[in-house]
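Notes follow once the structure below has been shown.
FYI, it's all coordinate maths here, none of it is from the lab. All values reported here derive from a predicted model rather than from experimental measurement. Neighbour counts are summed over all protein chains in view; Cβ atoms, including those assigned to glycine, are modelled from backbone coordinates with ideal geometry.
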Amino acid sequence: MSKPLRIAVAGLGTVGAGTLRLLQNNGAAIAARAGRSIQVTAVSARDRGRDRGVDLSGMAWFDDPVALARDAEADVVVELIGGSEGPAKVMVETALQTGRHVVTANKALLAHHGTSLAALSESVGRTIGYEAAVAGGIPIIKGLREGLAGNSISRVYGILNGTCNYILTQMQGESAGGGNPPAGRDFETVLAEAQRLGYAEADPSFDVDGIDTAHKLAILTALAFGCEVDFEAVHVEGIRNVSALDVAYADELGYRIKLLGVARQLNGAIEQRVHPCMVAKELPIASVSGVFNAVVADGDFVDTTMYEGRGAGAGPTASAVVADLIDIARGTTLPVFGIPATELTRRPNLPMAEHCCPFYLRLLVIDQPGVIADVAAALRDEDISMESMIQRGRAEGEGQAVPVIIMTHETEEAHIQRAMARIAELEAVVEQPRLIRIVDL
Ligand code: NDP
Ligand code: HSE
C-alpha cells in the first residue's frame, strides 16, 4: 500500500470530533477504498484541555489554526472551524499557498469567497473538497459534479437547512385540538425546543433567517450552472413570520410549508431565491420532514432527480468530509465547481420583482362591513385575480379581528408587493399581512 495520506484537522467541535471518530472507527475500510491509510498528524482547537471523546494521542497540537495550515506535516488541511472570514479563511488560503489540498464543511466561506478560493486552489494545483458544506451527508456535490456531469441543469432546489425543516415540521403539530383549522405549535416554542435539542445554533439567525440556506444555494448554483458563486444575488427570506395558523391553513388547503432554496437558469440569466413556500402535499419534497434535507436537480437528459438524507450532525457531516479525503487519497481531484475557475461565467440575475407565482395571503382584519371590498380593490388595481377566500365565523366582540385567507392566481411579484403595501395601510387591517409563495415544482 502507498504511504499514508497525512491530514491536519482544525476544529474539533461537532464535525471535527465526528470526523476523527469516523476515521478511527472505519480506518480499515477507508484505507481499502482509498488505497492507503488516512493518518491525522495534527489538530487545532481553542481549548486544549477539553475532552473531545476521541483519542488525540500522537497528533501534534496547534493553538493557532493558521500555524497548523502552514507548519503541520500534512498533505491535506481540513478546516472545520466555520465563518466566512477570520481564521477559517486565512488558514484555507495558507494551506493552499503552502501546497496542501483543503477539505472544508464551511458553506459561509465558500458562499462569500468560493470563486477566488477555487482560482487560488487551481493556480497551485491543489483542490478544495466541500461535500460537507451542502446538505451534510447527502452526496450532492458529487452528484452534480460527476453523476449529472453530462446534463445541462435547468433547476436545482431543495430543503437545505435541517433546523428550519425541523421547526416547520413541528409547527404542524398533531392537527388536533378542535380549532378551525386546528392550531399547531408556534414558531418561538418550537425554536426553543430545537435549541434545547441542539439542532439550532445558540444564535439561530443564520438558520431561521434563511442565510444558511442561501449560502448552500449559492454554492449549488455555481456548480450546477458553471457560474461564479454570487451569494449577494440570492433573494433571502426566513421563516420567522410563518405562524402556526399559516401552517394549519396550508394543511387544510393541501400544502406543506417548506423553506426552499431555488436556483434556475433562464435564457442565460440566473434566479436564486430562498423563502418559505407552499408545496403541494403529494410532491415528494413535501414529505421530507424533521431535520432531513432534500435536493432536487433537473437535467435535460436525466430529467428530475432527488436526493434525501440527514443535512447536519456529527455523523452525516463527517461522512461527507471523509468522502472528500478518500477522493484526494486516491488522486481523484476535479475542478472545484466542475469547470476551471477561470471559466466560471458572470451571469445576469433574474430580478425577484419579475418572479411570477400564485400567492397565499393571510390578513388579520377587524370584522366589519366593507373590509373585504377594500382588500379586493387593492388586488383589482394591481390586476391580481383571486382564486379563493376563507373567512370563518365571526369575531367574538365588536372591533375584534379575524383571519382572512386569500389564494391568488399567478401574479407578478412587483404587483403583489404593491397590493400588500396598500392593504397594510387599511385601517381595518391590524397586522402586517403575511404572504407565502405557492410553488409549482
Ligand atoms: P463547532 O462550534 O461545534 O466547532 C468549532 C470548532 O472550531 C471548535 O472545536 C472550536 O474550538 C474550533 N475553533 C473555533 N475558533 C477557533 C480558532 N480561532 N482557532 C482554533 N479553533 C477554533 O462547529 P461545527 O463542528 O458544528 O461546525 C464546523 C463547520 O462545519 C462550520 O463551518 C459549520 O458551518 C459546518 N457544518 C456543520 C454542521 C453541523 O451539523 N454541525 C453540518 C454541516 C456543516 P473549541 O472546541 O476549543 O472551542
Ligand atoms: N445549521 C445547519 C442546519 C447545519 O440546520 O442544517 C448544517 O449546515
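Tally Lys and Arg at +1 and Asp and Glu at -1 over the other residues with C-beta under 11 Å from the C-beta of P348: what net charge comes out?
0
State the number of lysine pairs found in the chain whose Cα atoms come within less than 15 Å, restricting to pairs 8 or more positions apart or on distinct chains.
Taking the Cα cut-off of 15 Å, the pair count is 4.
Can you bin region 353-438 into rounded, prolate or oblate? Criterion: square roots of the alpha carbon gyration tensor eigenvalues sorted a ≥ b ≥ c, rounded for a/c under 1.5, prolate for a/b above b/c, oblate for the rest.
Here region 353-438 falls in the prolate category.
Magnitude of the Cβ-charge dipole of region 353-438, K/R +1 and D/E -1, about the Cα centre, nearest 20 debye?
For region 353-438, the charge dipole is close to 260 debye.
Tally the DSSP beta bridges in the chain and give the antiparallel ones as a percent, rounded to 5.
Here the antiparallel bridges make up roughly 65 percent for the chain.
Positive end of the dipole of region 5-133, charges at C-beta (+1 Lys, Arg; -1 Asp, Glu), about the Cα centre: which of N106, A69, V40 has its Cα farthest in that direction?
Positive-most Cα among the choices belongs to V40.
What is the order of L441, L197, L259, fewest Cβ neighbours within 10 Å to most?
In increasing order of surrounding Cβ atoms, one gets L197, L441, L259.
Once you order the gyration tensor axes a ≥ b ≥ c over the Cα atoms, which shape class does the chain get: rounded for a/c under 1.5, otherwise prolate or oblate by comparing a/b with b/c?
Taking the square roots of the gyration eigenvalues as a ≥ b ≥ c, the chain is prolate.
Within 10 Å of each residue's Cβ, count the other Cβ atoms and sort L144, L160, L334 from fewest upward.
Ordered from fewest to most neighbouring Cβ atoms within 10 Å, L144, L160, L334 come out as L334, L144, L160.
Provide H112, H215 in ascending order of the number of other Cβ atoms located within 10 Å of each residue's Cβ, fewest first.
Ordered by Cβ neighbours within 10 Å, fewest first: H112, H215.
Springs between alpha-carbon atoms under 10 Å, Gaussian network over the chain: tell me which of D230, D251, D51 tops the mean-square fluctuations.
Among D230, D251, D51, the largest GNM mean-square fluctuation belongs to D51.
Dipole of the chain, Cα-centred, from +1 at each Lys and Arg C-beta and -1 at each Asp and Glu C-beta, to the nearest 20 debye?
Its charge dipole is roughly 1680 debye.
Name the residue, out of A353, A214, A119, whose mean-square fluctuation peaks in a Gaussian network model built on the chain with Cα pairs under 10 Å.
Judging by the Gaussian network model, the answer is A353.
Choose one of A376, A341, Q417: the residue whose Cα lies farthest towards the positive end of the charge dipole of region 316-420 (beta-carbon charges +1 Lys, Arg; -1 Asp, Glu; about the Cα centre).
The residue sitting most towards the positive pole is A341.
Which far-off residues, 5 or more places away or on another chain, put their amide H under 5 Å from the one on V40, with H placed in the peptide plane?
For V40, the qualifying residues are I7.
Hey, got the dipole for region 323-390? About the Cα centre, +1 on K and R Cβ, -1 on D and E Cβ, debye to the nearest 20?
340
What is the set of long-range amide H partners of C277 at a cut-off below 5 Å, with H atoms built 1.01 Å from backbone N?
Result for C277 returns K258, L259, L260.
Using a Gaussian network model on the chain with a 10 Å cutoff between Cα atoms, which of G162, G313, G150 fluctuates the most?
Of G162, G313, G150, the most mobile in the Gaussian network model is G150.
I'd like the distance separating the alpha-carbon centroids of region 382-441 and region 281-319, in whole Å.
For region 382-441 versus region 281-319, the Cα centre distance is 32 Å.
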